Each structure stands twice: as structure tokens, then as C-alpha cells.
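Working notes, beginning with the structure itself.
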Amino acid sequence: MNSSLETSISTIHAALAWIGHAPAPPWPDAANMTRFDDSDDFLLSHRAFDFPFYVVCLEQQGVPGLDLIRLIRRRNNAGILAISNQEGEGFVSALEAGADMVLRRDAPEDHLQAAILAIQRRSGPGAQASAQAPWRLLEEQSILQAPDGTRISLGDSDLAVMRCFAHTEGGRVARRALIESLWGDGADDMDNALHVTLYRLRKRIEQAGQPLVPVHSVSKVGYEFRAPLVRE
């Protein structure tokens, strides 16, 4: 292996989260990876969704590997390599859940390295440039335009919520502010209705074919839009 390729692999390993059984055979750079023994260990980490690359073992204790891949994919556009002991069905299910590639646990080390490099090429800075393009709120047309140009029609409640996101620094809005924007200053006991409204907005974005939905709840605060948003 040439020195530039070794450097590239070493750099990826340093940014990689490995969730599940230890790499086998041991890799020279295994000590540089962030290792989680299982999905519970991973989900308890304060930086669980901050990694640019994940290797997820499908068979493990805690939250099943397929569900873990879905959670990661909902939160970011990181590269995901799934490791499976299963034939056929495990392969297809992992790809459908959001993995970029699937290998068997007994795959040779050079296959693992090649798979990681291939995924990194597709999900690296160049490939992610479009993901950094802003979402656009076209208020007069009641349209939310995704970075890829997809136009999503908004109902009155959706538009009110998106206006709140667009007007707030950092896209984070308190629950009370959203309730007042939707139902007025005197509205009480509307937390469940707010949850339903935000759920429908998320589903509207998902049904428009967007793999990443930037609307997220913030514990004890409210909701936030985790992507650049421009109001027009």
C-alpha cells in the first residue's frame, strides 16, 4: 500500500466510530478509532451523532443494528458501512435502512479498507457540498425548497412553524413561542397538538423524497431546524 493511501486510511480511522464487535483481524490503526461496545454504549455518548463515518455491526446487544443505522441516517449524512453475519436479507435490509455498503463480518481486511475508502469518496466534503446548500422558505408561495431544488408545499401551520425557524438565530425555537405563533398568546395545554404539527411537517418533508429531515426536537427547549435556512 502506498504512503498516500496509508495516510488517507489513517485519517479516516481517526474520525471513525465503530459500533459493535471489535475489528477482526486487528487493524494497525484500530487504537485510533472511537470504539463502542454496543448500541447502548454508543447512544449514551454525548457526541454519538457527530462522527463523519460509522461502521455498524448489525448483530449486537442493545438497539438492533438496522434501527441504529436508521437513527444515524435521520440525524446526518455520514458514511455508513454495515457489518453483517447474515446472507441475503441482512444485506438488503441494511441498504434499505440507510447503509452505504454492507460487508460480511469475515470479509478480508483489504476489503474492509477498500469499502471504507469508497464510501468516504462518496460522502466526503465534495459529495456533501450540496447538503450544505441552504433550504429556502418562499413565504409568498408557501413553499419550502430543499437544497436539491425540490419544492415542498406548506400548509398554514407548516408555514407558521417555518417562519419561526427562519426568524430565530440558529434555528432553535422555544416550545412556547411555537404555540403562540400557531394558536395565539392565550393558548394552553397545546403540547400534544404542537407535537402532531411538527410530526406532520417532518412527514411532509420525508414524503417529498428528502433523506435528511432537519426538523428536530430539543429536550426541555422546543424544536430546531438543523440546516441553513434562507427566507425569501
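The values are calculated or read from the model by the stated rules, or taken from the named source; none is laboratory data. What you are looking at is a predicted structure, and each value in this text was computed from that prediction instead of being measured. Ideal geometry is used to build each Cβ from the backbone, glycine not excepted, and the neighbour counts take in all protein chains shown.
Data table
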{"item": "Among residues of segment 87-114, those that are of a type outside the set (D, E, K, R) and within 30 Å of Q207 (Cβ to Cβ), counted", "result": "12"}
{"item": "Wholly within segment 11-105, helices (runs of 4 or more DSSP H) carrying at least 3 residues that are modelled with pLDDT of 85 or more and surrounded by 17 or more Cβ atoms within 10 Å (Cβ to Cβ)", "result": "65-75"}
{"item": "Evaluation of L154 against (1) of a type outside the set (K, R); (2) closer than 20 Å to F49 by Cβ; (3) surrounded by 18 or more Cβ atoms within 10 Å (Cβ to Cβ) (one fails), failing number", "result": "(2)"}
